[in-house]
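**Q** Please find one structure pasted underneath; my questions will follow.
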Amino acid sequence: MNYYALQVKTSSEDLFIKRVQLALDPVSAVDMRLIFPKRKMQVRKAGVSKSQIEPVFPGYIFLETETLERPLYWSIRTTPGFFRFLPDNRMPKPLDGRDLSTLKHFTSFGDVADKSKVLFDANDRIQVVEGPLKGLEGKIVKVDKRKGRAKIKLDMYDESFLIDLAFEIIGQK
């Protein structure tokens, strides 16, 4: 399977997916899947802590298909909220290498990536036991123990961006 990155209107990703699925006939929709990875975060407002689902890649959806046929390509391009295929609208290229492994890492946790379980050693270094942070330890830029978040630097199509992932401390090592 090939994976293509689509840039869409931020905060309207779920609506865009519904629109594409309605616009496609059932036969062509069988050969493709739209992926929108999400993560569970703990958010505190006015002293009240609650769990919230946020996108891993805000404004980006991934198309999984064997081949990007012309009818599918044009159906997606003409859907309201669509901005562009990455890296270029005229010549969309499937994800490969590091970009593909990053996407597969987050999709391996299901629709929503839950909190990671971590330990801290005597030197206060983080050690990930399980969860979405596992395997991304070298990309951690900042750790906030109080909020239970780790800031990760990810690269996609030669651009770097930061995202927060939640963690739960299960003990000291």
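**Q** State all residues of region 55-76 that are closer than 19 Å to Lys18 by Cβ, in contact with a strand residue (DSSP E or B) (Cβ under 8 Å, 6 or more places away or on another chain) and not aromatic (Phe, Trp, Tyr); if no residue qualifies, say none.
**A** Pro55, Gly59, Ile61, Leu63, Glu64, Thr65, Leu72, Ile76, listed by residue number.
**Q** Name, by its number, the condition in (1) surrounded by fewer than 16 Cβ atoms within 10 Å (Cβ to Cβ); (2) of a type outside the set (Asp, Glu); (3) closer than 15 Å to Lys40 by Cα; (4) out of contact with any strand residue (DSSP E or B) (no Cβ under 7 Å at 6 or more places or on another chain) that does not hold for Val112.
**A** (4)
**Q** Still on this structure: Filter the strands (runs of 3 or more DSSP E) completely within region 109-173 down to those with at least 3 residues that are within 24 Å of Asp14 (Cβ to Cβ). Explain how you work it out, then say what you get.
**A** Values: elements: 116-120, 126-130, 140-144, 149-156, 159-172.
Here the list reads 149-156, 159-172.
**Q** Restricting the first residue to region 138-153 and requiring it to be in contact (Cβ under 8 Å) with a residue 40 or more places away in the chain, which pairs with a second residue that is assigned to a strand (DSSP E or B) and open to solvent by 50 Å² or more (accessible area, probe 1.4 Å) meet a Cβ separation below 7 Å and a spacing of at least six or different chains?
**A** Partner pairs satisfying both residue conditions: Gly148/Gln42; Gly148/Glu168.
**Q** Could you tell me whether any residue of region 78-93 is open to solvent by 50 Å² or more (accessible area, probe 1.4 Å), under 13 Å from the mean Cα position of the chain (by Cα) and modelled with pLDDT of 90 or more?
**A** no
**Q** Mind checking whether some residue in region 39-50 is closer than 24 Å to Arg90 by Cβ and either surrounded by 13 or more Cβ atoms within 10 Å (Cβ to Cβ) or of a type in the set (Ser, Thr, Tyr) (or both)?
**A** Taking every residue of region 39-50 in turn, none turns out to be closer than 24 Å to Arg90 by Cβ and either surrounded by 13 or more Cβ atoms within 10 Å (Cβ to Cβ) or of a type in the set (Ser, Thr, Tyr) (or both).
**Q** Let me ask something else about it. Starting from region 88-101, take each residue that is assigned to a helix (DSSP H, G or I) and list its partners that are open to solvent by less than 50 Å² (accessible area, probe 1.4 Å), counting only C-beta distances under 6 angstrom and pairs at least six apart or across chains.
**A** Qualifying pairs under 6 Å: Asp99/Met156.
**Q** Quick test for you: out of Val118, Val129, pick the one residue that is buried (at least 17 other Cβ atoms within 10 Å of the Cβ) and within 23 Å of Ser51 (Cα to Cα).
**A** Val118
**Q** Exactly one condition in (1) free of Cβ contacts under 8 Å to residues at least 40 places away in the same chain; (2) within 16 Å of the chain's Cα centre (by Cα) is not met by Phe106; state its number.
**A** It fails just one condition, (1).
**Q** Something else now. Restricting region 9-28 to residues that are in a helix (DSSP H, G or I) and at pLDDT below 90, which is most open to solvent (accessible area, probe 1.4 Å)?
**A** Leu22
**Q** Taking only region 51-77 into account, find how many residues are open to solvent by less than 30 Å² (accessible area, probe 1.4 Å) and either free of Cβ contacts under 8 Å to residues at least 60 places away in the same chain or aromatic (Phe, Trp, Tyr) (or both).
**A** The number of residues fulfilling the criteria is 7.
**Q** Consider Glu64 against the criteria (1) in a strand (DSSP E or B); (2) of a type outside the set (S, T, N, Q); (3) modelled with pLDDT under 90: it satisfies all of them except one. Which criterion is unmet?
**A** For Glu64, the failing item is (3).
The values are calculated or read from the model by the stated rules, or taken from the named source; none is laboratory data. Keep in mind the model is a prediction, meaning the values are calculated, not measured. In this analysis, Cβ positions are derived from the backbone assuming ideal geometry, glycine residues included, and neighbour counts consider all displayed protein chains. Calculation scope for accessible area: heavy atoms of the full protein, side chains included, ligands and nucleic acids excluded. Shrake-Rupley method; radii C 1.70, N 1.55, O 1.52, S 1.80 Å.
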